[in-house]
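The values are calculated or read from the model by the stated rules, or taken from the named source; none is laboratory data. Keep in mind that this is a model prediction, so the values were computed, not measured. Because the Cβ atoms are built from the backbone with ideal geometry, glycine has one as well, and the counts that use them run over all protein chains shown. Areas reflect the complete protein model, heavy atoms only, side chains present, ligands, DNA and RNA absent. Shrake-Rupley method; radii C 1.70, N 1.55, O 1.52, S 1.80 Å.
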Amino acid sequence: METEGKRTDLFAIRSSEYDHTDYRINYIDEMAHTILEHMPLDNRMTLLDFGAGTGLLTELISSHVRKI
């Protein structure tokens, strides 16, 4: 989409709101809780987050490992 020669960054607009809905926040929080409950993570581990999206889940588990 262009307006007066300028392109609108639709991804930037959509992603700025993506992680701010109650549904999304609760869903990711529950996912992080499930991972932490079932995976033996510790501060010596390095994880690869392939396809991190906005990084909300990564942010919630990052304090439990050395590096992501």
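Quick notes on this one:
- Between helix 22-38 and the chain there is an angle of about 30 degrees, using the helix long axis and the longest principal axis of the Cα atoms.
- Candidates Asp19, Asp29, Asp42, ranked by Gaussian network fluctuation over the chain, Cα under 10 Å, top entry: Asp42
- Within the full protein context, the accessible area of Glu30 is estimated at about 130 Å² for a probe radius of 1.4 Å.
- P(r) for the chain, from all Cα pairs and a bin width of 10 Å, is 17, 40, 23, 13, 6, 1 %, short bins first.
- The range 5-66, relative contact order [Cα under 8 Å, separation at least 6], %: 37
- For a paramagnetic label modelled on Leu10 (point 7 Å from Cα along Cα→Cβ), amide N atoms under 20 Å away belong, within the range 35-68, to 53-54.
- Surface analysis of the chain yields an accessible area of 88 Å² per residue, using protein heavy atoms and a 1.4 Å probe.
- Were the residues from Asp49 through Lys67 laid out at 0.36 nm apart, the gain over their Cα-Cα distance would be 5.4 nm.
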